Structures are given as C-alpha cells and as structure tokens.
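Notes to accompany the following structure.
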6 protein chains.
Amino acid sequence: MSKLTEYKDMSPRARAVVAGIAAARGIDPADINNVWKALARHPAVMEQFAAEMKEAFAPGKLDPLTKELVYLAVSIANQCDYCIASHGTMARRKGMTDEMHEEFTRVVLAAIKGNKIAMAYRVPVDKAFEEA
Amino acid sequence: MSKLTEYKDMSPRARAVVAGIAAARGIDPADINNVWKALARHPAVMEQFAAEMKEAFAPGKLDPLTKELVYLAVSIANQCDYCIASHGTMARRKGMTDEMHEEFTRVVLAAIKGNKIAMAYRVPVDKAFEEA
Amino acid sequence: MSKLTEYKDMSPRARAVVAGIAAARGIDPADINNVWKALARHPAVMEQFAAEMKEAFAPGKLDPLTKELVYLAVSIANQCDYCIASHGTMARRKGMTDEMHEEFTRVVLAAIKGNKIAMAYRVPVDKAFEEA
Amino acid sequence: MSKLTEYKDMSPRARAVVAGIAAARGIDPADINNVWKALARHPAVMEQFAAEMKEAFAPGKLDPLTKELVYLAVSIANQCDYCIASHGTMARRKGMTDEMHEEFTRVVLAAIKGNKIAMAYRVPVDKAFEEA
Amino acid sequence: MSKLTEYKDMSPRARAVVAGIAAARGIDPADINNVWKALARHPAVMEQFAAEMKEAFAPGKLDPLTKELVYLAVSIANQCDYCIASHGTMARRKGMTDEMHEEFTRVVLAAIKGNKIAMAYRVPVDKAFEEA
Amino acid sequence: MSKLTEYKDMSPRARAVVAGIAAARGIDPADINNVWKALARHPAVMEQFAAEMKEAFAPGKLDPLTKELVYLAVSIANQCDYCIASHGTMARRKGMTDEMHEEFTRVVLAAIKGNKIAMAYRVPVDKAFEEA
C-alpha cells in the first residue's frame, strides 16, 4: 500500500493541485481521493496528470457520461482495480443506470473477444479499413 | 497471416452466419470482412462471436456511436491492430468526427495514465468507492 | 524487423546452441527458425532460453501436445504473433486436429472472458479457493 | 470489492443460471462461488458466460484436465488473481498433481519468455509458419 | 497503417510542434519521424505528448541512457513494435553497446519472469516492503 | 494467497537455493522474502529463477541501480504489485532518491503514452529505425 499524504500535510505545490480539483468538484480538499494523496510526494507527476485529466474531461463534443464509459472501458481492459472502483462510481454519478452498465459490459466483453480472435486467427486488415 | 475462406467456399454453417451479418448490414456476403473469412473454419466459435456481437450492438440505452467508442477504447488498450483499424472505420461511419476522435483519444490516454499511476503508487481504493 | 544471422555466420557459441536444437529436432542447422537467428548476437540470452525450452518440453507427466496447447494459450493471451504462428504449427505437428483446435480456442476465449469478468466485477476470492 | 448477491436474494433469471450450474456440479446452489454472486445483477452477461463456459468444457476431443490447464495458463498470462485461485483449485480437483503443476508452470514461464523475446528482437515469422 | 502528414502539409499548430522537436535534435523538420506525422491531425494530443516527452528527458538526476533503457524496457513489456524499433535506435545513439543491450535484455526477461511468478504463486507482499 | 513454506520446513533442494541467496545478501535465511517461500514447493522453477536473477544482476556494464530501474519499469508496465513493492524498496536501497523516483516515473509514464499512441495511430516504423 502506498504512503498517503493528507491535505494538511502536503507541500504547497501539491496543495495547490488538490485545491484546484476540490474547487472544481465542490468538495472539501481534505476529502480528496487517495490517488492524489499518493501522488502528493511527486508534484510534477501530479500537476501533469491533473492537467491531463482536466483537459480530457473539459466540455466538448462528447458528453460527460460517454467519456466516463470510455475511461472505464480502458480501466477494465487494463485491469486497474482502483480505476474500476473509482470511475465505476463516477459513471453512476453521471447517470449510468444498471441497465446501461450491463449494456456497456456486454460491449466491453465482445470487444475483448474480438481483439483476441483477431490475434489468434492472425487476421490481416481489410483494404477497406486501411484508409483510416 | 491467416488462411481466409471466401464466402463461396465456406461450409453451409459458416455461410449462414455470414449471410445473417451481410443482410443486417445491407452488403453482399462476398464482401464480408476478413475476421469472418478467418473464422469460417471454426463455425462454433464463429456462431458464438456473431451472436455476442449482435446482442452487444442491439438497440438499447446506449447509442450506437457510444458503443463503438467503448469497443475502440478496449481495442486500443488491448493493442489489437485489426480492431483499431476496423472499429475506427465503424466509428467514423457512425458519426465520429475528427474533433470527437481527438477528444476520445485524450480520454483514452488519460485513462491509461491513471491506470498506471494507480498501480505504480499502489493506491488503496477509497472507502467511498467500495460501495460499488 | 530484426537483424537475422544465418547459421554459417554465427559465433561458435551461437552455433553450438543451434547445433544442439537442430540435432534434437533432426533438422539441418541452416534451417533453424528465425527466433534463433535473431538471438544469435546475444549468446547468453540464447543459451538460457534454449535451456529453459529444453527443460520445459522434456518428457514428464504432461504429454507433448498438452504442453504445446499451454504454450499456445499463453501466446494468444500475450498477443505474440510470431509465437502463435510457430507454436500453432508445432501443435498441429504434434497431433492437434482442427476439431481440437476449435475446442482449444473456445476454452481460451472463455478464460479471457472469465478473467475480465472477475476484474470488472471486482470479485473477491472464495474462502474455498484460498487453500491453494 | 463487488456487491455479492446470495442465491436466496437473486432474481428468478439469475437463480435459474445458478441452479443449472449447481445441478451440473452436484452442489447446493447456496454454495455457488463468488463470480456468480457478483454477476447476479447482470443476468444477460451471466447467462451468456454460463453458456460459454458450459460449451467450452463440454466433453470433446480434449480431456477435462487439459482444458483446465489451458484456462489456468490464460489466467496467469492475464494476471487474474481470482481465476488463478479458482481454476488452480479446479485443476487439482481434476487430477493435477504437484509434479504436473511444476511442469505446467515451466511451460508457462518458457512461453512468456518466448513471447517477449520474439517482440524484443522483432522476429519476422518464418515462411514455414505462414501456411497456418 | 496510419495516414501520415508530411511537414509541409501540416497545420501551423502541428508545424510548431515539429519545428520545436527538430530544432532540439538538430534535424530538418521534414525528416521528423513517423509518430509525429501520424499525430499531426490531432494537434492537442501532439502538443501534450511533445511536452511530456521533453520534460521526461530534460536533464536531471538520471543520465540520458538510463532514461532510454527505462523507456525501452516499458516498450518491450508493452509489446510496442514501433517503440522498440525507435527507442532501440535512440539507446544505441546514446551509447548502448551490444554488450549492454544483452545485459539489459537479461534484466528485462528476469523481471518479466519475476512478475509472472509473483502472480502465478499469488505471493503476498512482505511487511518489509509495505513501508514504501 | 499462496501457501508459504518457512525456511526450516523447506526441502533440502529449496533450502540450498535460499541459503545461497541469503549468503549473497548477508541476511539470515529465515528472513528470506515471500516469493522464495512461495516457490519452495517447486524447486526446479525456484532454481532456474534464482540462477536467472543472479546472472541478470551480476556485475557488468550497467550499474546496479540502472538494473533495478529497468526491473521496476517492467514491473509497473506489467502491473505486478508484489514486484513494484519489492523492487521499489530495492531501488531505494541502491540509491534511488525521491527526486530520481519522480524522474523515473515521468519516463515510465511518457513511454506508456508513446506506446499507446503508436498503436492507436497505427504508426509504421521509419526506415531509419529498421536497421536495428
């Protein structure tokens, strides 16, 4: 398990990152989730990841729930337990019903099967797909 | 590279699967894509995968493009070149613009970074996320 | 693509490894497969891998085809195209029929689905399985 | 950790799946293992996985222990702790001795090394293996 | 294969990124490598990756060759052929001899074996390692 | 969790391996870490892994800390929690400061992003990198 640094014990640089995230989410900085408490000792990594997350989830052409589902799909494929737990929660907060969750899971499992079939059968890419 | 079986040379069982897919897509069975030509020699695997794909993409609570993006996200995380090429094409056909593609890619890359950070720093799951 | 060294151009140390493998297989050392031609410039890695392969496939309690299927299953899970091509060929030479190949593939795909389900649903290990 | 639903609290659809598995194994449905308790809230995923497992392990050309070893090999390659624990137990129940377990592990480890060597040295597939 | 955009055909935003990289490396922007030609249509992803690479390889406490070896090790573990080819070349340009390459490969292969052994045997973390 | 065998309960063959490692590290064999206690029931796997680790970390052209960082990089990419915990500790013992740890992490994260970008954009290898 990681060494977690509580908000009150963080360096000014780490505090600034957490304060920014907490303000955007409307929560108390002391209630920030563990990934930020773990990153606090490496402020450069922390700042970069916070910036990347903020830009990835900035309002755009894809709606917030779609983005959460994409994030969750990657986390399942990569088998990150922390990320499945945290972004599964986020997805529900952004409107994922249990029915949507099941539909989503079926697509994820079909994709994983398709990925392995393409490798196992050594399938060459169709010409029609090469104009990507 | 895989041995590909053309539609005209497939067994009746494999032909039936391809005919069903081609009808649903409104294409000539002879133009079916390579993954099905590769699977033709293993009809039980083929039937099961065709059924699973059909159910995963059946109309439901998530729209068709969201499902394609979830499929594509898994394929990138799993590094399946065939699937990235084919489902990237599918996603564009279902309305993914270049702007949406870039937004999608940013979420995928942020997720991959988040996944590795959670592992590298050995972050314990927050209690708030355990009620999943 | 890798720099491949032909048998006649290999160092004495690399030649010795290849000669041993060729003798065991009853083939001409010049016909050794590419992985050994690629490894020839790193003889310590080559010797260690040759020894490990020899021991893994030495006669024992598991029959030769079972071992090939285990090797092939790992190679599909790891998405190694070279290994799928080479050990797929080996498995057929050791008796894998097309019917067995399809059965094998179904188990591999079921396993991959089971793996992802266990992660996606964050399933805790049953007490009965902890006495492993 | 996942929300687990006990058999007595499952929906009729989930109960039917569990009852079928329990009957086939000759166990009490209340003793079903955790993966099914976790899947109970998503009956469509559950039914599909149960069907896929049943077909994969149906009597055929490969014996039951070989199939368990293939499943276990995939689970190790994919690093699924739950699956290693459960299918390791299954393999022992189906006859895997400690000696066979060690032999199996040696093949798995040799395969993983072979996979990475083929990638690290960027080895091109031999012509002889392309006729797969 | 990706659509590659040559420097002369890039948008001003993409050109600026490439010009910066080319200047730092002392090469003609027209000779930039393919990853940047592929990224040119997604300038936000491009800018972020260029910044992240620049910071990761900025002078610091670890020497440039060590950083290249770390990058190459990750690329082998992740099985990225493009990255193995490009960063293998970079490592040689930064001083990696064939002897060092072999030593490096042995550590990578030992690590991969250690990783899988720890998973396969379900090894619990020692108390002495938990104070990380 | 694995069945761990304490040094005093190991077979003579397993004891010999542990005694060798303990002597080289200047520790009491009873304090050997868990991976060896887990491997004790499979002495052939144990002997081979001990030999491979010894050779990989034998004095050579790369310094001990660089080797630890390569090992740790692979372990993060492969998401092996045990290995991240143990080799993170080893790296600190061999001189990795927190500043070096952060630099190292930035390279690892940049590599992972580079790996996925190369796959997602299906980037072809540059001719200049093919002479590897």
Taking the condition outside the structural domain of C:Met10 (by TED's automatic domain parsing), touching a residue at least 12 places away in the same chain (Cβ under 8 Å) and of a type in the set (Asp, Glu), does C:Glu68 pass?
-> yes
Filter the stretch A:56-74 down to the residues that are among the small types (Gly, Ala, Ser) and touching an Asp or Glu at 6+ places or on another chain (Cβ under 9 Å), then identify the one that is nearest to A:Val108 (Cα to Cα).
-> A:Ala56
Residue among F:Leu65, F:Leu72 that is closer than 20 Å to E:Cys83 by Cα, more than 7 Å from chain E (Cβ to nearest Cβ) and of a type in the set (A, V, I, L, M) | F:Leu72
Which of (1) surrounded by fewer than 24 Cβ atoms within 10 Å (Cβ to Cβ); (2) at the interface with chain B (Cβ under 7 Å from one of its Cβ atoms) is the odd one out, the single condition A:Lys127 does not satisfy?
-> (2)
Report whether or not F:Ala51 is more than 13 Å from chain E (Cβ to nearest Cβ), over 21 Å from E:Pro124 (Cα atoms) and at pLDDT 95 or above.
-> no
Given (1) under 30 Å from F:Asp63 (Cα atoms); (2) facing chain F (nearest Cβ under 8 Å), E:Val35 misses just (1)
Scope the stretch B:35-93; condition closer than 25 Å to A:Lys94 by Cα, buried (at least 23 other Cβ atoms within 10 Å of the Cβ) and aromatic (Phe, Trp, Tyr); matching residues = B:Tyr71
Any chance the stretch F:98-105 includes a residue that's buried (at least 20 other Cβ atoms within 10 Å of the Cβ), of a type in the set (Phe, Trp, Tyr), outside any helix (DSSP H, G or I) and facing chain E (nearest Cβ under 7 Å)?
-> no
Of (1) under 19 Å from C:Met119 (Cα atoms); (2) touching a Lys or Arg at 6+ places or on another chain (Cβ under 9 Å); (3) at the interface with chain C (Cβ under 7 Å from one of its Cβ atoms), D:Ala56 satisfies all except one. Which?
-> (1)
Return the pairs, sorted by first residue and then second, in which the second residue is acidic (Asp, Glu), the first residue lies in the stretch F:106-120 and is more than 7 Å from chain E (Cβ to nearest Cβ), the beta carbons are less than 9 Å apart, and the residues are 6+ apart or on different chains.
-> F:Leu109/E:Glu52
Would you check which residues across the stretch B:1-15 are more than 21 Å from the chain's Cα centre (by Cα) and at pLDDT 95 or above and list them?
-> B:Thr5, B:Glu6, B:Tyr7, B:Lys8, B:Asp9, B:Met10, B:Ser11, B:Pro12, B:Arg13, B:Arg15
Near pairs, Cβ below 6 angstrom, 6+ apart or cross-chain, from the stretch C:75-90 (facing chain D (nearest Cβ under 7 Å)) to any residue that is of a type in the set (Val, Ile, Thr) = C:Ser75/C:Ile84; C:Ala77/D:Val74; C:Tyr82/D:Val123; C:Tyr82/D:Val125; C:Ala85/D:Val125
Among the residues of the stretch F:1-26, count how many are surrounded by 18 or more Cβ atoms within 10 Å (Cβ to Cβ), in a loop (DSSP other than H, G, I, E, B) and more than 13 Å from chain E (Cβ to nearest Cβ).
-> 1
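The values are calculated or read from the model by the stated rules, or taken from the named source; none is laboratory data. Because the structure is a prediction, the values reported are computed rather than measured. A quick note on method: Cβ atoms are made from the backbone with ideal geometry, for glycine too, and the neighbour counts reach across all protein chains shown.
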